[in-house]
């Protein structure tokens with residue numbers, strides 16, 4: 001489930017500039033590759049089984065194993081979040097009417113580079129009431 005950034009007015013927060021800063025620091029030798037290729041075991045499992053492929057190669061190792069996974073965090077969800085694997089699942093979370101936020105993480109299944117790409121609102125009942 002990857003999507004296009006539409007703008008911050010929608011509540012989307014992009015981490016693109018921070019991502020580039022981290023990549024630049026690794027390429028300049030200021031930061032060790034092992035510090036950024038450190039995906040945790042659950043993220044690895046989810047990336048292997050559920051990542052949507054990205055067209056770009058991994059910015060660290062250059063392999064074509066870069067994918068994105070989406071997690072949801074909010075009231076009534078597990079403390080470690082919930083992996084969202086389909087649009088249908090995202091729509092169910094939206095209809096629950098509980099505050100829920102999505103997190104898209106890019107992961108390389110070759111070197112285990114990982115970085116938060118963006119966060120976005122899935123459901124925000126308070127905003128819905130204000131708009132009514």
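Here are the numbers for the structure shown:
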| quantity | calculated |
| --- | --- |
| Shape parameters for the chain, alpha-carbon atoms, Rg then Dmax in Å | 15.8, 53 |
| Highest to lowest packing among 37-46, 59-68, scored as the average C-beta count within 10 Å | 59-68, 37-46 |
| Mean residue ellipticity (222 nm) of the chain, computed from DSSP H runs ≥ 4 via -39,500 (n - 2.57), nearest 500 | -9000 deg cm²/dmol |
| Angle between the chain longest axis and helix 41-50 axis [Cα atoms, degrees, rounded to 10] | 80 degrees |
| Candidates 78, 53, 121, ranked by Gaussian network fluctuation over the chain, Cα under 10 Å, top entry | 78 |
| Relative contact order for the chain, counting Cα pairs under 8 Å that sit 6 or more residues apart, in percent | 29 percent |
| Projected label distance in nm at residue 92 and residue 52, using a 7 Å step from Cα toward the beta-carbon | 1.8 nm |
| Mean Cα-pair separation over length for the stretch 35-106, i.e. relative contact order, pairs under 8 Å, 6 or more apart, % | 27 percent |
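Where a number appears in this text, it was derived from the coordinates with a stated rule and is not lab data. The structure displayed is predicted, hence computed values, not measured ones. All Cβ positions, even for glycine, are placed from backbone atoms using ideal geometry, and neighbour counts span all protein chains on display.
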